[in-house]
Amino acid sequence: MKFSTGLKRAGVMLALSFVIMQASAQKDSTAHSPESRAKGITDKMKTELTLSDDQYNKVYDINLKYAQKNTEALKEEGTRLAKLKTMKADNAEKSKELKAVLTEEQFEKYKSMRKEAKTGMKQKYKDRNNR
């Protein structure tokens, strides 16, 4: 039984698109892992706050801890508001831990970075809802 060239080509294209979709899904899942989020946040803090190597390691550990907590909080059952309250409480704890690692000047700059990020997120939310 012979397959036509068109069917062979369609089969190859289907298989190729499946492989590409799988690779893309894997890339997306690692891009949003707690480890990659913690590294991205810590790298930005290193640049903005001029962290020492020792501070970088401690801040990374703190960021990873809370990125993992946030990931778990989002997976839990419950209302969106309940999840946000949990994450807000976690962020307050995180700030306390960071305050112990950062200098006073670095911590003040960190707070202003958080405020800017919060403002940006609110604007994104408004823009998304005004479409």
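Values for this structure:
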read-out	value
Glu77, sole failed condition from (1) among the acidic types (Asp, Glu); (2) at pLDDT below 95; (3) outside any loop (DSSP other than H, G, I, E, B)	(3)
Residue list for the range 32-70, filter: free of Cβ contacts under 8 Å to residues at least 40 places away in the same chain and aliphatic (A, V, I, L, M)	Ala38, Ile41, Ile62, Leu64, Ala67
Pick from the range 107-131, criterion over 17 Å from Glu48 (Cβ atoms) and charged (D, E, K, R), ranking: modelled with the lowest pLDDT	Arg131
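The values are calculated or read from the model by the stated rules, or taken from the named source; none is laboratory data. Since the model is a prediction, treat every value here as computed from it, not as a measurement. Counting neighbours? That spans all protein chains shown, and the Cβs are built from the backbone with ideal geometry, glycine included.
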